[in-house]
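First up is the structure itself, then whatever we jot down about it.
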Amino acid sequence: MNYYSKSPEEWKKVDEEKNKKRKNKYKNTKKITFLLLIFLSLATLFFIFIGPKLNKFNLEYNVVIDGISFYLRNDEIFNYPDNINVTVEMQNTGNNTKKVKIQDFSFFIIKKDTSKVVYSFLYPQEIETDLNSFQTRLIFDLSKEKEISKLDKGLYEIRASFKYNENSIILKRFFDYRHDFSLNAYTKEDFYLISERPIINFELENITKDTINSTLDGKISIFEKDNKIYEDNFNLGSINIPIMQNKKFEMELSQKFKKGIYNVLIDLNSLKKSIYFNMYIMDKIEEKTDLLGINNFTMSTFEKNQDLYFKGYVENKSPEDKGFIIQNIAFNVSFSDTEEEIYNYSNDKIIRVGIAGYGNKEIFDLEKLKKITLDKIGRYNINFSFTINNITFKSQKVIQVRE
């Protein structure tokens, strides 16, 4: 008899091979599972008995011994001419009060490439104190000892060392001190109409110790999703920006665009910088306000002498991108117990605001206008509003300031 696939005997052998492989796979799985269980058990025992002894080696800038955490805190990047802010802190992470004795405290800032000591502080005297449960205290604050600023650019090491209850502790951390310039590019108006050619603003700030002499030239590319629809080279001429000053430049694009949200990429040749931002194009200025809302962002509770933080937003409740004209923005803070006015702001300047569908757009940031220190305990009233097409949107917020 002829078979077009396999004979019964051949199929029997195939089945036997499959069963054999299945059994071997099951045995291997059991073996791997057994070994994994042994590994996990050993790892558990290691962390139970050995782990606590190693916790003080967690990080170079954070050491924990006997429930006391010692932490070296600083920013990783500073820009010329920033002051260097560094603190060394300790915290009791346990539930019981603990006695802390610190001896032979030393603190250094060292430039890595030259090993030059930029700053040193030595305090050989002994310090004893009690730390309550979860209490944090400063050991050292650089800003209270000396102002360190205008450093040479490069990488620096911070090193603090001392003895805690006869344990030697060394904390280390690094920061990069940069000499550079700040570059920002954006559309002059928040959105443009399809009948207008957009204008791009460039804003450069020199935050180095030398005058910047260069040219402002490069290439601009505009994308609609992933498709490049516009490309052009530009040269806005030479620039001269003295130390700690800024300058603005304008460039009008050579064409108009249809409605949409575009991605703009600018590569600056001589300055070796790139910047990326969005460009909104609308077909009309929206007059209907029924699908608009108002939002704000702040905290409900502040500590005494903390600075007030507040941002205001326009909300677009429509799925479509919209362009609006804001006629007025107002902001007011008062101390509710005495009705004393702390700050009152109003801006009648006409501004355009483009908002993506179901999006929010920031139109107010208190930090950019005024520093308000909340120096009284009690309640404060905050009123924020904006007007579009003669319709005013209002929000009210009550915050509490505590000791």
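The values are calculated or read from the model by the stated rules, or taken from the named source; none is laboratory data. These numbers were taken from a predicted model, which means no experiment stands behind them. With ideal geometry, Cβ positions are generated from the backbone for all residues, glycine too; neighbour counts draw on all protein chains shown. Accessible surface areas use protein heavy atoms only, side chains included; no ligands, DNA or RNA. Shrake-Rupley method; radii C 1.70, N 1.55, O 1.52, S 1.80 Å.
A few remarks follow.
- ASP176 vs. criteria in a strand (DSSP E or B) and either aliphatic (A, V, I, L, M) or more than 30 Å from ILE285 (Cβ to Cβ) (or both): yes
- Test: ASP267 is acidic (Asp, Glu), assigned to a loop (DSSP other than H, G, I, E, B) and open to solvent by 30 Å² or more (accessible area, probe 1.4 Å): no
- The single condition among (1) modelled with pLDDT of 95 or more; (2) loosely packed, with under 13 Cβ neighbours inside 10 Å; (3) among the hydroxyl-bearing types (Ser, Thr, Tyr); (4) under 26 Å from the mean Cα position of the chain (by Cα) that SER120 does not satisfy is (4).
- The set of residues in the stretch 278-288 that are closer than 17 Å to LYS259 by Cα and surrounded by 12 or more Cβ atoms within 10 Å (Cβ to Cβ) comprises ASN278, MET279, TYR280, ILE281, MET282, ASP283, ILE285, GLU286.
- Residues in the stretch 188-230 that are open to solvent by less than 40 Å² (accessible area, probe 1.4 Å) and outside any strand (DSSP E or B): PHE191, PRO198, THR208.
- Whenever a residue of the stretch 56-85 is farther than 21 Å from VAL118 by Cα and in contact (Cβ under 8 Å) with a residue 40 or more places away in the chain, its partners that are open to solvent by 60 Å² or more (accessible area, probe 1.4 Å) and not in a loop (DSSP other than H, G, I, E, B), lying with C-beta atoms within less than 6 angstrom and at least six residues away or across chains, give the pairs VAL63/LYS56; ILE65/LYS56.
- THR114 meets all of the listed conditions (1) under 30 Å from GLU205 (Cα atoms); (2) within 28 Å of the chain's Cα centre (by Cα) but one, namely (2).
- Among the criteria (1) in contact with a Leu (Cβ under 7 Å, 6 or more places away or on another chain); (2) surrounded by fewer than 17 Cβ atoms within 10 Å (Cβ to Cβ), the one VAL100 does not fulfil is (2).
- Inside the stretch 295-334, residues that are surrounded by fewer than 17 Cβ atoms within 10 Å (Cβ to Cβ), in contact with a Ser or Thr (Cβ under 8 Å, 6 or more places away or on another chain) and under 11 Å from ILE388 (Cβ atoms) make up a count of 1.
- Boolean, GLU128 is part of a loop (DSSP other than H, G, I, E, B) and open to solvent by 80 Å² or more (accessible area, probe 1.4 Å): no
- Of the residues making up the stretch 354-377, not a single one is of a type in the set (Asp, Glu), under 26 Å from SER195 (Cα atoms) and open to solvent by 80 Å² or more (accessible area, probe 1.4 Å).
- Yes/no for LYS101 being in contact (Cβ under 8 Å) with a residue 40 or more places away in the chain, in contact with a Gly (Cβ under 8 Å, 6 or more places away or on another chain) and basic (Lys, Arg): no
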